[in-house]
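Reviewing the structure listed below.
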């Protein structure tokens, strides 16, 4: 009769503390994964916000430069290159922030997935034996 009881049920009945320890380890792993994923998402949102803000600044500066170029005679503009550089700088930084935000990878719960897969493999091996 003892051979008909599944090994997992026998373990739960004989050593329930092991199951509790395993569940506690899972809770710790979930908390750690949430912390990592949250940090990556915060950084990604921050980079995207900075990119969006700097894009707005670049658009406003480009509009001002365009209006100055249209209103002032070309000979009156002392530094014509500044009309291009002023909006280009925030645009380049915005592009860099946007690319950095896209490259941030939130490998959501990769360690947890590995642990669950390892536990399921172990359960299959125990069940097969």
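The values are calculated or read from the model by the stated rules, or taken from the named source; none is laboratory data. Just so you know, these numbers come straight off a predicted model, no measurement behind them. Positions of Cβ are generated from backbone atoms using ideal geometry, with glycine treated the same way; all protein chains shown enter the neighbour counts.
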Which numbered condition residue 105 fails, given (1) modelled with pLDDT under 90; (2) over 30 Å from residue 31 (Cα atoms); (3) exposed (fewer than 12 other Cβ atoms within 10 Å of the Cβ): (2)
Checked against (1) free of Cβ contacts under 8 Å to residues at least 60 places away in the same chain; (2) within 30 Å of residue 22 (Cβ to Cβ); (3) in contact with a helix residue (DSSP H, G or I) (Cβ under 6 Å, 6 or more places away or on another chain), residue 112 satisfies every condition except (1)
Return the pair list, or none, for Cβ contacts closer than 8 Å from residues in the stretch 77-94 that are under 12 Å from residue 66 (Cα atoms) to residues that are outside any helix (DSSP H, G or I) and at pLDDT below 95, at least 6 apart or on different chains. 83/77
So is residue 11 surrounded by 13 or more Cβ atoms within 10 Å (Cβ to Cβ) and under 30 Å from residue 124 (Cβ atoms) or not? yes
Verdict on residue 65 being exposed (fewer than 14 other Cβ atoms within 10 Å of the Cβ), on the phi < 0 side of the Ramachandran plot and either part of a helix (DSSP H, G or I) or within 39 Å of the chain's Cα centre (by Cα) (or both): no
Which condition number in (1) assigned to a helix (DSSP H, G or I); (2) out of contact with any helix residue (DSSP H, G or I) (no Cβ under 8 Å at 6 or more places or on another chain) is the one that residue 87 fails? (2)
Cβ-Cβ distance below 6 Å, separation of 6 or more or different chains: which pairs start in the stretch 50-63 with a residue that is over 21 Å from residue 102 (Cα atoms) and end on one that is part of a helix (DSSP H, G or I) and modelled with pLDDT of 95 or more? 61/86; 61/87; 62/87
When you check residue 94 against the structure, is it in contact with a helix residue (DSSP H, G or I) (Cβ under 7 Å, 6 or more places away or on another chain) and buried (at least 17 other Cβ atoms within 10 Å of the Cβ), yes or no? yes
